[in-house]
1. Any idea which residue in region 138-190 is least open to solvent (accessible area, probe 1.4 Å), counting only those that are closer than 16 Å to LEU295 by Cα and among the charged types (D, E, K, R)?
2. Confirm whether ALA272 is of a type in the set (A, V, I, L, M, F, W, C), in a helix (DSSP H, G or I), modelled with pLDDT under 95 and surrounded by fewer than 18 Cβ atoms within 10 Å (Cβ to Cβ).
3. Could you list, in sequence order, the residues of region 94-152 that are in a helix (DSSP H, G or I), out of contact with any Ser or Thr (no Cβ under 8 Å at 6 or more places or on another chain) and over 21 Å from GLN284 (Cα atoms)?
4. What about GLU169, is it modelled with pLDDT of 90 or more and more than 24 Å from PRO285 (Cα to Cα)?
5. Of all residues in region 191-209, count the ones that are open to solvent by 80 Å² or more (accessible area, probe 1.4 Å) and in a helix (DSSP H, G or I).
6. Out of all the residues in region 131-165, which are without any contact (Cβ under 8 Å) to a residue 40 or more places away in the chain and more than 21 Å from PHE228 (Cα to Cα)?
7. When you check ALA175 against the structure, is it in a loop (DSSP other than H, G, I, E, B) and either touching a helix residue (DSSP H, G or I) at 6+ places or on another chain (Cβ under 6 Å) or without any contact (Cβ under 8 Å) to a residue 40 or more places away in the chain (or both), yes or no?
Amino acid sequence: MAYPPGYGGPGSKHRARIPPVPQNADAPQLFDDTSSAYGAQPSSYPAPGIDMGLNQIFSDPVANVAMVYGTTIASQGKDIVHKEIHRFMSINKLKYFFAVDTTYVMKKLTLLVFPYVHQNWEVRYHRDVPLPPRQDVNAPDLYIPSMAFITYILLAGMALGLQKRFSPEVLGMCASTAFVWVVIEVLALLLGLYLVTVQSDLSTFDLLAYCGYKYVGMILAVVGGLVFGSNGYYIALAWASCALMYFMVRSLRMKVLPSLVQEGMGRPSGRAQMYVTLAAAAFQPLILYWLTVQLVH
């Protein structure tokens, strides 16, 4: 089959090119040419080789001085923040309160439940540094309060579930209430010790540890109520309250009242210190009852 000139054969991909139509100079234009009215558009991106003035900025001595000055201020601010954090919450001090082992935990729990047979309540020191809890059963720790708090929350959830009253809101309320009461107690002790001008080595972590030991008595009371009913609850509550009061008085007496231990109770300031210790101990049964009674009734 013959094809006209300008067309390829079968299967050819080439097409014929149409020759350009000649323009008549005298023919009127349909539209005016306005392309010359606009100047050259600026490019959105800089051409290669243009540094946009960055080299000038970094080579400027004033900019370098300002940058060095800003870096120095930032490093000084970081050091100040770290210093303030270590002032109120030292990581090394916090590690001391968690330096425990299984033997210490068993002895400490026995001491909290049966404190009446314990004789020596003094915290031992080595080169003016208190021994860690795993080496001294009288040293305060935060491991037992932390684990006892978690156990109390789990036990509260189980008790509420057995009474068909469990809900995440109620369990969260129990946890927040138990934590807030301990914080309030620690703040009250700090204020009381400050008002009576006590000279002791008690820190905030020490007070938090001593106040947190009440969770062990709360667990004992709740377990007694769940296993033996109301009678078991009140018996366990009375035992835990008495044991905790005795433990608080004997432990704080060696730290809050060092002058009274050596010089007696003749001074008025010594009596005020004794009142603070007794008030802290007498407050424990009230908190134990308030935080556990709703879980067994």
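1. Here the answer is ARG165.
2. Yes.
3. The answer is LEU94, LYS95, TYR96, THR102, THR103, TYR104, VAL105, MET106, LYS107, PRO133, GLN135.
4. For GLU169, the condition - modelled with pLDDT of 90 or more and more than 24 Å from PRO285 (Cα to Cα) - is met.
5. Matching residues across region 191-209 total 3.
6. Across region 131-165, the qualifying residues are LEU131, PRO132, PRO133, ARG134, GLN135, ASP136, VAL137, ALA139, MET147, ILE150.
7. For ALA175, the condition - in a loop (DSSP other than H, G, I, E, B) and either touching a helix residue (DSSP H, G or I) at 6+ places or on another chain (Cβ under 6 Å) or without any contact (Cβ under 8 Å) to a residue 40 or more places away in the chain (or both) - is not met.
The values are calculated or read from the model by the stated rules, or taken from the named source; none is laboratory data. Here the structure is a predicted model, which means the values were calculated and not measured. Every residue, glycine as well, gets a Cβ built from its backbone with ideal geometry; the counts of neighbours run over all protein chains shown. Remember, those area values only see protein heavy atoms, side chains included, never the ligands or the DNA or RNA. Shrake-Rupley method; radii C 1.70, N 1.55, O 1.52, S 1.80 Å.
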